[in-house]
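The values are calculated or read from the model by the stated rules, or taken from the named source; none is laboratory data. This one's a predicted model, so the numbers in the text were calculated from it and none came from an experiment. Virtual Cβ from ideal backbone geometry, glycine too; neighbours counted across all protein chains shown.
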Ligand SMILES: Nc1ncnc2c1ncn2[C@@H]1O[C@H](COP(=O)(O)OP(=O)(O)OP(=O)(O)O)[C@@H](O)[C@H]1O
Ligand SMILES: [Mg+2]
């Protein structure tokens with residue numbers, strides 16, 4: 001059970017002066033039951049790979065299968081886009097959430113049950129369903145957008161910058177929810193925020209100009225990141241830890257949760 005990406009190349013505007021090779025012969029297997037972090041600089045191909053995995057576009061070359069089938073959004077894969085709240089357009093959240101479920105042939109009762117269950121998963125109350133999306137704050141709307149994707153019950157869930165432009169409180173809340181639901185659903189987590197990616201991911205992939213430059217476990221990523229120029233692929237707190245290590249101090253470089261890293265730094269400084 002996995003997403004199999006084989007020799008995938010994707011070219012935008014082929015044959016024009018604007019031709020862009022967004023992905024260049026990618027091979028990748030995303031096993032079921034993992035949280036897969038996908039990082040890389042601006043324009044490195046993350047969102048392109050996300051939309052191909054989500055079946056929203058077909059690769060120019062190569063193939064992608066999900067558990068042996070073609071990717072089919074809303075069926076075997078779900079995707080939460082960047083700024084998903086822009087996609088709400090109904091008068092109530094309920095109407096928006098019901099949209100994807102209508103073609104599944106569920107009874108009204110089953111639809112309600114699934115929506116209530118999902119709202120509970122993301123910590124929203126039922127009362128919110130009768131509210132207009134246009135009168136809710138961004139943090140709540142993001143959770144609602146997340147619920148709209150979750151309610152479809154996808155085996156694989158792609159999150160493209162899920163915490164972008166949220167305040168710190170909403171961001172923390174969403175990351176905690178993602179950590180919790182990742183026990184039941186395979187997640188591909190795309191973000192510029194390395195701290196978040198490190199906290200949630202079992203494995204990480206780094207894209208650079210459409211090529212994979214790293215693919216390995218979180219522990220291997222920390223080793224790899226430390227070896228890169230200036231440690232720019234490490235979250236800032238892990239960079240500090242690494243500098244302390246370079247100064248000859250005894251630190252555990254493999255800690256990943258923010259609180260644990262802060263505690264390591266505090267204890268190390270206390271000892272010096
Ligand atoms: N619809 C499109 N038409 C033409 N070129 C595109 C299109 N989408 C992306 N590109 C180009 O493809 C390359 C990869 O873009 P992509 O959006 O996949 O990168 P990304 O890693 O998601 O970047 P970011 O970190 O900014 O979200 C970039 O050079 C981008 O300009
Ligand atoms: Mg992107």
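Residues considered: 80, 87, 104. Of these, the only one that is surrounded by 14 or more Cβ atoms within 10 Å (Cβ to Cβ) and under 30 Å from residue 132 (Cβ atoms) is 80. Is it fair to say residue 67 is at pLDDT 95 or above and farther than 18 Å from residue 210 by Cα? Considered against the rule, which asks whether it is at pLDDT 95 or above and farther than 18 Å from residue 210 by Cα, residue 67 comes out as yes.
Scanning the stretch 134-164 for residues that are at pLDDT 90 or above and farther than 20 Å from residue 100 by Cβ turns up 161, 163, 164.
Checking each residue in the stretch 158-175 for being over 17 Å from residue 123 (Cβ atoms) and in contact with a helix residue (DSSP H, G or I) (Cβ under 8 Å, 6 or more places away or on another chain) picks out 158, 160, 165. Restricted to the stretch 9-47, and to residues there that are part of a loop (DSSP other than H, G, I, E, B) and near ligand 2 (Cβ under 10 Å from one of its atoms), the residue that is farthest from residue 219 (Cα to Cα) is 43. Do you know which of the residues in the stretch 48-63 that are within 13 Å of ligand 1 (Cβ to nearest atom) and outside any loop (DSSP other than H, G, I, E, B) is farthest from residue 26 (Cα to Cα)? The selected residue is 51.
Considering the stretch 188-210 alone, what residues qualify as being away from ligand 2 (no atom under 16 Å from the Cβ) and either surrounded by fewer than 17 Cβ atoms within 10 Å (Cβ to Cβ) or part of a strand (DSSP E or B) (or both)? Within the stretch 188-210, 202, 203, 204 qualify. For the stretch 1-32, a residue qualifies if it is touching a strand residue (DSSP E or B) at 6+ places or on another chain (Cβ under 6 Å) and within 17 Å of residue 158 (Cα to Cα), and the qualifying residues are 2, 3, 4, 5, 28, 29, 30, 31, 32. Annotation: of all residues in the stretch 150-175 being in a loop (DSSP other than H, G, I, E, B), in contact (Cβ under 8 Å) with a residue 60 or more places away in the chain and within 16 Å of ligand 2 (Cβ to nearest atom), the one that is surrounded by the fewest Cβ atoms within 10 Å (Cβ to Cβ) is 165.
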